Amino acid sequence: MSDQTDLIQGTLDLLIMRTIALEPMHGWAVAQRIQQISDELLKVQQGSLYPALHRLEHQGWITAEWGTSDANRRARFYSLTKAGKRQLETEVSKWERLSAGVNLVLKRT
Amino acid sequence: MRLWYILRSRLRSILFRDRRERDLSEELQLHLECEIERHVADGVPEHEARHQALRMFGGVEQIKEASRDARGTAAIDALARDTRHGLRRLVRDWRFTTAAVLILGLAIGANTAIFSVVNAVLFREEALADPDRLVNIYQNDRAGRPLVVTSYSAYTEIAEYTDIFAATMAGSMPNPGRYLYDGAVRDAVVEFATATYLDTLGLRPSLGRWFDETEERPGAPLVAVLGYQAWTRRFRADPSIVGRIIRIEGRPVTIVGIAPANHRGTVDIGLGTDFWLPVTAVPAVFANLAPRDASTINAPFLVKARLREGVTLAQAKAAMDVLAQRLAAEYPDQFRAEGEFAVGPGITVVASTDVRIHPQADGPFMTIASLVLVIVGLVLAIACSNLATLLLVRGAARAKEVSVRLAMGATRRQLVRHLLIESLLLSLAGGIAGCALAWWGMRALQGIDFPFRVDLTVDYRVLTFAILLSQVTGVVFGLAPALKATRVDLLTTLRDEGLQPIDHRRLTLKNALIVFQVAVSVLLLGGTSVFLQAAAAARALRVDYAVDGVAMLETDLRFAGYSEPDARRLFDELLRRIEAIPGVQSAALVRGLPMDVHGVAIVVDGGDGQKGSTLEAAAIDAAPGFFDTLRIALLHGRVFDLRDRADTPRVAVITERMARQYFGAVNAVGRRFRSANDPNSWTEVIGVVRDTGTGDFDDDVLDPIGPLFYTSYLQSGALPTTVIARTSGDAAPLVAALQRELRAVDITLPVMTAQTMAQKLEGSQAVPNVIATLFGALGSLGLALASIGLYAVVAFAVARRSREIGIRMALGARSQQVVWSIARGVAGLTGVGTGIGLVLLVLVMLVMRAGSGSADIGIGSLSVYRPTIDPVALLAIAAVTAVVGVAAAFVPGRRAARMDPLVALRHE
């Protein structure tokens, strides 16, 4: 656990939206995908994943539909709405500016 | 777009809560299974994998809760949860719930019923076209205030101002009348109106038409428009009624149309007008009203006009001022009379939207209405404080539950919300019960065949009132107990100290509430006693003539198509037959009875060249034998006999009240007065008799003695309607005998009333009796509620002190001592409450006595406005509350005294 980084507040939303921007997926798959892509550095806890998904849905950024998973199970698939796509772009650029800024500060001091 | 998603998702969350919950569970379940599969794929044995996954997963419920919170529907969920929980709790404590709903239902029902009466009389508006352009026009009295009525001749002058008014109409005050239809004679409310009536108001008849100007000409065949309510209620909404002939006051009248559904009459005080007749029908139908040819003074009309486009109210006022001056110059005689009816030289114009009944009556009506609402409001206040007491007691009993929940992490806010929702649920149920009770009560009221009919319907205003009232009461009685119940000391409550510190403080919320209830009940009982006093006084005044052994029978010959000479012969025959009935000592024909008189305007001859003034008096057309039969004592002069005929000078017998008030001396024999409508009707006073209660005359139900004079129907030319007879035995069989004789004379004659005189007298006191009964009911309701509260508090205190009582009894205290210690507390509370209530009562009475100089409101001066402070009544009230207090303390006290000390000590 110690080698995994706790997610900064607010970045989870960004990661979820980025992940489902590629294709609709269900909750567990979202967590797995984030974990895989980050080389197991980022681990999403269920306790934050589902509230985040519901919050995003509630805010109108993402929408959910029942579908069938690879293992032929009924699952709730999340996908971005139009507004969500726009929101993702702003969030990404925000994040890039923030991380660039943080990196600069860390390097130059 | 996004807004749409948000709205949709929120709506779904709220509406499809169950599905959302299922979705969430299923989603989490899927996640868990995927996790397990992953572990299994990694080579972990399945049960171990499940274990690991579950451990990783953490609390499922917490995740669910957090997800729900993320949706923002948590508050609504909590509300729904609290409501369900509250409902379960109320169902479980069904005894408490039933009591509370009953208490609230009674109080809210009483309030709703009273409000719906006030609503019917004062608030209901009617749909008039462009009401802002309508004005009411009144002639002024000599002091410049608008009079109750305007004369027909003044109306015709007003109607000439066509440059100011687009349309003008006059409608009479509602008159009581009778009609014959389908073989039965019934009471009706009759109005006389001009042909312009409905057009001026901007309304359309719902069927047929309004009468036109040709039908308004004198001598035209009689026509009438039927009121919508009468049409639906009495004629079963039969459209073929238009064109048919109905006999009104004995005259054949053709129905030409049905009035609009939402129009109830010229003066809309809830009396639905049954028939509108043309103004010219007055002399044909009601002989004693003669507006068309009468002077400017005494014709009872209300005038409304519609302003022409572009004409302002100020312009209308100016034009009417000019008219007023012209009238004063042209008819100086009309403005010379003095007295109550005297017309002054002025005309008032008021926007119709600013007037409800009459500019002068609106204020007093509103005052009376608010007074009545305040009185029922007091009952509601008692019910509220009563429920607050019950909830306080219940809250204390639930202290443990509350502290457990607080200890489990519930916030105080949540608990208060929870308790408030419970009381709101209670009050909602109470409100529904109240509406049901009010509806039932009003149906019962409508079922009684009143001579007039107030249109009581539950409209949106009444419903809103009841629901708002119940919700407000819910918060009022629920908040304080909820706040108090959640302010608990966790440690001591949870440790369950059987022997709790006894609260010796005097000024607790509970005690204050009890004292308040007792005090308000005393006030209401005080009101009851005042009305009972007044009613008793009225009764004492009225029975100043002997009614025992007297029976009466009223018929109406006009409906049988008799000519006047035939009618007289028939009545003579009837009288002869009745006098021949064995046991009958005397009998007389009469028109009107002491409790059933009609008012007239008279002018009294001052005797010493003084100019006459117009005064108001009641009149009865009596006959020889009348005073003997009712045993009304003669004070001066003589009564009528057969010498007073149509061709001899007119004579009258007056009451001592009239003699003293209008002639300045009891012995007024030889003085003269005349009808205000007829300058040639001088009548000489030949006798003065003792006063009788005249009852329903005027609005003065509780001050029943007004000036009254008797004329002989042999002289006045009016037909008698009633025969009275005195027997030496019981009056009840005589009633049947009178009816038998009437049938023997002519089997087709209708029996309007056939009663013993005692019954008739009782019936004439309906109004004061109803008022006293209403007050009594409210007072007893209040007292009953207060005693329930007292009982609950005492019972609870005893339960809480059971261990203390057990110890005392184990140490040798006797049961009397235990009962006494309990009774002392109760006596204190009732004593303080009664004291405060009595002081308030006396203060209110003193204020009413001091401030009742303003009797000048045109609707009588009820003597109840000047209540006498009766120490006996006050003592009786104190005794009643004391008895109730003792009763409330007795049951729990006895239970405590009978307690087995061992059981009490082991309590809990």
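The values are calculated or read from the model by the stated rules, or taken from the named source; none is laboratory data. All values reported here derive from a predicted model rather than from experimental measurement. Here Cβ is always computed from backbone atoms with ideal geometry, including for glycine, and neighbour counts include all displayed protein chains.
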**Request:** Could you tell me whether the range B:402-420 includes any residue that is in a helix (DSSP H, G or I) and closer than 13 Å to B:Ala107 by Cβ?
**Result:** no
**Message:** What are the pairs with Cβ atoms under 6 angstrom where one residue, in the range A:75-88, is without any contact (Cβ under 8 Å) to a residue 60 or more places away in the chain and more than 10 Å from chain B (Cβ to nearest Cβ) and the other, located anywhere, is of a type in the set (Asp, Glu) and part of a strand (DSSP E or B)? Sequence gap at least six, or different chains.
**Reply:** A:Phe77/A:Glu65
**Message:** Testing B:Phe96 on (1) loosely packed, with under 14 Cβ neighbours inside 10 Å; (2) in a helix (DSSP H, G or I); (3) more than 11 Å from chain A (Cβ to nearest Cβ), one condition comes back false. Which one is that?
**Reply:** (1)
**Enumeration of residues in the range B:868-883 that are farther than 24 Å from B:Arg824 by Cβ and either outside any helix (DSSP H, G or I) or free of Cβ contacts under 8 Å to residues at least 40 places away in the same chain (or both)** = B:Thr868, B:Ile869, B:Asp870, B:Pro871, B:Val872
**Asked** If you take the residues of the range A:57-74 that are among the polar types (S, T, N, Q) and touching a strand residue (DSSP E or B) at 6+ places or on another chain (Cβ under 8 Å), which of them is farthest from the other protein chains (Cβ to nearest Cβ)?
**Response** A:Thr68
**Request:** Just name the residue that is farthest from the other protein chains (Cβ to nearest Cβ) out of those in the range A:16-40 that are touching a residue at least 12 places away in the same chain (Cβ under 8 Å) and farther than 23 Å from B:Glu33 by Cα.
**Result:** A:Arg18
**Fill in**
Every listed condition ((1) farther than 23 Å from B:Lys510 by Cα; (2) surrounded by fewer than 15 Cβ atoms within 10 Å (Cβ to Cβ); (3) modelled with pLDDT of 70 or more; (4) not acidic (Asp, Glu)) holds for B:Ala873 save (2)
**Prompt:** Is it fair to say A:Lys94 is farther than 23 Å from B:Cys34 by Cα and touching a residue at least 24 places away in the same chain (Cβ under 8 Å)?
**Reply:** no
**Prompt:** B:Asp496 is checked against (1) modelled with pLDDT of 80 or more; (2) at positive phi and fails just one. What number does that condition carry?
**Reply:** (1)
**Message:** What's the total number of residues in the range B:125-140 that are modelled with pLDDT under 85 and buried (at least 19 other Cβ atoms within 10 Å of the Cβ)?
**Reply:** 2
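Any idea how many residues of the range A:41-56 are under 20 Å from B:Gly59 (Cα atoms) and either in contact with a Cys (Cβ under 7 Å, 6 or more places away or on another chain) or facing chain B (nearest Cβ under 9 Å) (or both)? Can you show your working first?
Taking the range A:41-56 as the starting set, the residues that turn out to be under 20 Å from B:Gly59 (Cα atoms) are A:43-55.
Within this subset, residues satisfying the condition of being either in contact with a Cys (Cβ under 7 Å, 6 or more places away or on another chain) or facing chain B (nearest Cβ under 9 Å) (or both) are A:45-55.
Within the range A:41-56, residues that are under 20 Å from B:Gly59 (Cα atoms) and either in contact with a Cys (Cβ under 7 Å, 6 or more places away or on another chain) or facing chain B (nearest Cβ under 9 Å) (or both) number 11.
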**Prompt:** In this structure, is B:Leu589 assigned to a strand (DSSP E or B) and either at pLDDT below 80 or farther than 30 Å from B:Ala754 by Cα (or both)?
**Reply:** no
**Options B:Ala49, B:Ala120; residue that is buried (at least 18 other Cβ atoms within 10 Å of the Cβ) and over 30 Å from B:Val374 (Cβ atoms)** = B:Ala49
**Item:** Single unsatisfied condition, B:Glu340 versus (1) modelled with pLDDT under 80; (2) touching a helix residue (DSSP H, G or I) at 6+ places or on another chain (Cβ under 9 Å)
**Value:** (2)
**Request:** May I ask you to verify whether B:Gln315 is part of a helix (DSSP H, G or I), at pLDDT 75 or above and over 21 Å from B:Arg142 (Cβ atoms)?
**Result:** yes
**Message:** Yes or no: the range B:169-179 includes at least one residue that is farther than 30 Å from B:Phe235 by Cβ and either touching a strand residue (DSSP E or B) at 6+ places or on another chain (Cβ under 8 Å) or buried (at least 20 other Cβ atoms within 10 Å of the Cβ) (or both).
**Reply:** no
